[in-house]
Amino acid sequence: MLRIAHISDTHITGDSAYKSYAYDLITNEINRLNFDFVIHTGDVTNQGLREEYERATYELKKINKPLVVLPGNHDVRNVGYKLFEDLIGPLNGVYEFRGGVVIWVDSTIPDLSDGRVGGHKFRWLKKRLEEYSDRKFKIVAAHHHLIPLPDTGRERNVLYNAGDILGLLLLHDVNLYVCGHKHVPNIYRVEDLVVDNAGCTSCRKTRRGDVNSYNIITLHDDGRIEVRIRRITGEEVHKLHKPLRPKIFVPRGERLLRIVQMSESNVSDRMYFRRKVLENAIRLINEKLKPDLVIHNGDLVDMGIERYYEKAMEFYEKIQTEKLIVPGHNDITYLGYDLFLEYLGEPEIVEMNDFVFLPVISAQYETPIGVVGRIGQKHIAGWLEEYREKFTVIVMHHNIVPIPRSRELGFLEDAGDVLKVLTDGEANLVLTGHGGNTFGLKIEKTPVVNAGSVSWELHRNPFGNSFNLIDVYRDMIVAFEVQSTWGTRKLLGIWKIKAPFEG
Ligand SMILES: [Fe+2]
Ligand SMILES: [Fe+2]
């Protein structure tokens, strides 16, 4: 067993009268308790000034355990990264411990609050993960959060290339990602990765009236990872993750439902719209795959004009199955908002045996940025409660977890709060279709599947244009990606589920 204290966002100022009650309380506790080492995930100082760094080195010396410290966006203000290297230590590095390794990477951009692990650092991280692939516990630490957090206001400053990092960590079986930055403590499980966000250890800027806190990580010899959020009031939130075993499942029983999920057809007369590819995909769906429901996750047309909607209907009327289409931001540009309603109507809840499909509008007109809104979030929470007995599928345009190869540009403004509603409400499946690439993972108990583009040349998917085929069995979901032109399949994910099915 190994115990790590995870502190973050101390925001130490250079004030000669600097004194933090919370900092002293927490570091005293850390010194007293049985920790093997301590990780500080950045924003050590408030402005990256020399006097602050000097004060910080004094304060950090109060911790009498091995200490890993990494830079946050506040530390690199005013070219503070130079001082960080001189007075604290390297911006990137590796700390080895019994049975494991911490690889920390500088995710800051001078003078911006946003995060990025750029090309060079990304390759450096990849190399280290390859080098330490045999370690039982692989921990990656960076300042910025990887998964949208609740209660942070507008979702922003997530790593620009969060999807790439997430993909990399999952590919290399990283067990734990530790970060800070938003001053909101949180723990998520993403597949077999525990994402541990520390709150704010010792500055006044806590959110929603919260108090200072730090996290206690316990690595058990059998591979279990325990994270405890410990607030200075003594209140604790605790989560235990057992590694998934086995990782490959065999579905049992008959298939209950087959869904085809597509997105970003972008029907238009522009050269980027691949008419033949879409025709082919539809033929494949009708003749070979024969799903129970076809879902289109937005951007049916490239622009919200009548001619494009007319054209789109020619394609989608050919699909012989029931359809559920939610709008993307392209669909509601220009007069698209009215045209969508005229041609397709308001997306409505689809009920099918034990399944219920709940459409959520996330697109706004004339901007790729999405929002569900606080009222929308309440609707979702209400639905998940109301349909608790059913298999609930949320259908929306904007991705809720970062997508590899897609920068966080057309992000969902309130992704953190929406994700929280979905995971707390234990949605059985979430289908999204933004970012031009396919991705699927299970977060907490909820599989989230994003569709790439079915027929638009401007996508970010090395597999080409594709759509997803999702089969639901009594105890698991099996998702494939199907190449639009060739019909070849690639496994996207297999997730064990506890679905509310009878028998
Ligand atoms: Fe901070
Ligand atoms: Fe920060």
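Couple of notes before you dig in:
- Difference of contour (0.36 nm per residue) and Cα-Cα distance, Tyr272 to Asp134: 45.2 nm
- Entries in Lys378/Lys420; Lys61/Lys126; Lys239/Lys498; Lys420/Lys445 that, when Cα-Cα distance is taken, lie over 21 Å: Lys61/Lys126
- Working note: Karplus 6.51/-1.76/1.60 with θ = phi - 60° gives the stretch 63-76 the couplings 7, 9, 10, x, 10, 9, 10, 10, x, x, 4, 6, 5, 9 Hz, where Gly and Pro are set to x.
- Globularity index of the stretch 2-241, i.e. its alpha-carbon radius of gyration over 2.2 N^0.38 Å: 0.92
- Theoretical FRET efficiency, 1/(1+(r/R0)^6), r = Cβ-Cβ of Phe463 and Tyr21, R0 56 Å, to 0.05: 0.55
- Ordering 431-444, 87-100 by mean Cβ neighbour count within 10 Å, with the highest value first, yields 431-444, 87-100.
- Once the Cα atoms are used to define both axes, helix 415-424 deviates from the longest principal axis of the chain by about 80 degrees.
- Excluding ligands, DNA and RNA, the accessible surface per residue across the chain is 41 Å² with a 1.4 Å probe.
- On Cα atoms only, tilt of 275-284 relative to the major axis of the chain in degrees: 80 degrees
- Rounded Å value of the spacing that divides the Cα centres of the stretch 54-126 and the stretch 151-201: 16 Å
- Couplings 3J(HN,Hα) for the stretch 329-339, derived from phi with the Karplus relation 6.51 cos²θ - 1.76 cosθ + 1.60 (θ = phi - 60°), are 5, 5, 4, 10, 6, 6, 8, x, 4, 6, 5 Hz, where x marks Gly and Pro.
- The ellipsoid that matches the Cα gyration tensor of the chain has semi-axes, each √(5λ) in whole angstrom, of 43, 24, 20, with the longest given first.
- Accessible surface of the stretch 364-503, 1.4 Å probe: 52 percent of it comes from carbon and sulfur atoms.
- Whole-number D in µm²/s for the stretch 256-496 (Stokes-Einstein; Kirkwood sum over Cα pairs; 10 °C, 1.306 mPa s): 91 µm²/s
- Euclidean distance of C-alpha centroids, the stretch 392-408 and the stretch 281-301, integer Å: 19 Å
- Sorted on the mean count of surrounding Cβ atoms within 10 Å across their residues, most packed first, peptides 243-253, 341-351 read 341-351, 243-253.
- When the pairs Lys182/Lys442; Lys247/Lys288; Lys138/Lys288; Lys127/Lys205; Lys288/Lys496 are compared against a 32 Å limit on Cα-Cα distance, Lys138/Lys288; Lys127/Lys205 fall above it.
- Share of carbon and sulfur in the accessible heavy-atom surface of the stretch 2-241 [1.4 Å probe, %]: 47 percent
- Estimated from the Cβ-Cβ distance and a Förster radius of 30 angstrom, the FRET efficiency linking Asp111 and Thr367 is about 0.75.
The values are calculated or read from the model by the stated rules, or taken from the named source; none is laboratory data. Note that the structure is predicted; figures quoted are calculated from it, not measured. Positions of Cβ are generated from backbone atoms using ideal geometry, with glycine treated the same way; all protein chains shown enter the neighbour counts. Each accessible area value is taken on the protein alone, full model and side chains, heavy atoms only, with ligands, DNA and RNA left out. Shrake-Rupley method; radii C 1.70, N 1.55, O 1.52, S 1.80 Å.
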